[in-house]
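Colleague: To start, I am sharing the structure in question, which I have written as structure tokens.
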Amino acid sequence: MTLTRIEHLAIDGSVVSIEADADVRTEATATGWAVVPSLMRTHPFTISPAGHSRGIEDAVRSDAGNVTIGDAADFSVKGGQLRIVEVTLPTATGGERTLTIGAWEGERGCLLTSLIGSETDRLVEVFDTLAFTERSRGLAIESPVTARPREPEVVTEVPGLGVLGIRPAISSVLEQIPRAGGHRTRHGELFRIRATSNALTLVTSSAVTAIQPLDEGRQDELVGIAESVRVEWAPVR
């Protein structure tokens, strides 16, 4: 396999690069928590490839089951289209719960989040007061992004290896890594965190990558591919 390389944007604009003896040229999703001025607190967001929200909406509407999906409302916000829809879900106690979901679509990415309750106007304010921009590599949030309650993460799939969940190598992430040294690779260390799973964790100088295989292939084959992987997280400057 020829060495391939790709760069993705984390939710705060950090550049996450992936290089391996495998085809790494797949799209990625970025998640994280950012401070929203209108809410005066942190709130979770997801950035997906452009056009992602329409595909999800079509899939949900075609197989809604016990979920009631309201009519979508469209707004022009910051040079893109903000699409908001209210969804009513059944609860375990027999009641109902309403969730208001919003997706801002631009040329280079889709920014998604939600609020509990019927909150269309408030959700418009969330997108209106949050600072975010489109860049050459995609979409990024410029409002403060925090590491709590969960660190920012970039998720992508590498065929033959599995799903990669990449987070920055900061203290809150590194404290979950065993203190004993792992299996040395060309670019870092590999750990098998649970004896009952083939899942691996790759630790490099700037990133911690959880590797979840998509099938139950041989462990030595998985390790062989993982040994070639190089992942770097370059913080936004």
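The values are calculated or read from the model by the stated rules, or taken from the named source; none is laboratory data. Values in this document were obtained by computation on a predicted structure and should not be read as measured data. Every residue, glycine as well, gets a Cβ built from its backbone with ideal geometry; the counts of neighbours run over all protein chains shown.
Colleague: Of the conditions (1) surrounded by 12 or more Cβ atoms within 10 Å (Cβ to Cβ); (2) in a helix (DSSP H, G or I); (3) over 23 Å from the mean Cα position of the chain (by Cα), S172 fails just one. Which one is it?
Modeller: Among (1) surrounded by 12 or more Cβ atoms within 10 Å (Cβ to Cβ); (2) in a helix (DSSP H, G or I); (3) over 23 Å from the mean Cα position of the chain (by Cα), S172 violates only (3).
Colleague: Follow-up question, since we're still on this one. Residue under question is L202, and the condition is that it be surrounded by 16 or more Cβ atoms within 10 Å (Cβ to Cβ), of a type in the set (A, V, I, L, M) and not assigned by TED's automatic domain parsing to the domain that holds V85; does it hold?
Modeller: Yes: the conditions hold for L202.
To keep it simple, each residue is scored yes or no on (1) modelled with pLDDT of 95 or more; (2) in contact with a Ser or Thr (Cβ under 6 Å, 6 or more places away or on another chain).
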| site | (1), (2) |
| --- | --- |
| F45 | yes, yes |
| P49 | no, no |
| D58 | no, no |
| F75 | yes, no |
| T88 | no, yes |
| E107 | no, no |
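Colleague: Would you call L130 within 17 Å of the chain's Cα centre (by Cα) and either more than 30 Å from V223 (Cα to Cα) or free of Cβ contacts under 8 Å to residues at least 12 places away in the same chain (or both)?
Modeller: Judged against the criteria, L130 is not a match.
Colleague: All but one of (1) over 16 Å from W233 (Cβ atoms); (2) at pLDDT below 95; (3) in contact with a Ser or Thr (Cβ under 7 Å, 6 or more places away or on another chain) hold for L115; which doesn't?
Modeller: (2)
Colleague: Checking P90 against (1) surrounded by 11 or more Cβ atoms within 10 Å (Cβ to Cβ); (2) of a type outside the set (K, R); (3) under 25 Å from R41 (Cβ atoms), only one condition comes out false. Which one?
Modeller: Among (1) surrounded by 11 or more Cβ atoms within 10 Å (Cβ to Cβ); (2) of a type outside the set (K, R); (3) under 25 Å from R41 (Cβ atoms), the lone unmet condition for P90 is (3).
Colleague: So how many residues does the stretch 1-34 have that are more than 25 Å from F45 (Cβ to Cβ), assigned to a strand (DSSP E or B) and of a type in the set (G, A, S)?
Modeller: 1
Colleague: Right, next: Kindly state which strands (runs of 3 or more DSSP E) lie completely within the stretch 185-237 and contain at least 2 residues that are in contact with a helix residue (DSSP H, G or I) (Cβ under 9 Å, 6 or more places away or on another chain) and modelled with pLDDT of 85 or more.
Modeller: Hits in the stretch 185-237: 200-203, 207-212.
Colleague: Which residues, taken from the stretch 81-124, are over 23 Å from the mean Cα position of the chain (by Cα) and in contact (Cβ under 8 Å) with a residue 60 or more places away in the chain?
Modeller: Once the filter is applied, which keeps residues that are over 23 Å from the mean Cα position of the chain (by Cα) and in contact (Cβ under 8 Å) with a residue 60 or more places away in the chain, the stretch 81-124 yields only R122.
Colleague: Filter the stretch 136-195 for residues that are over 25 Å from A20 (Cβ atoms) and acidic (D, E) and give the result.
Modeller: Passing the criteria: E142, E175.
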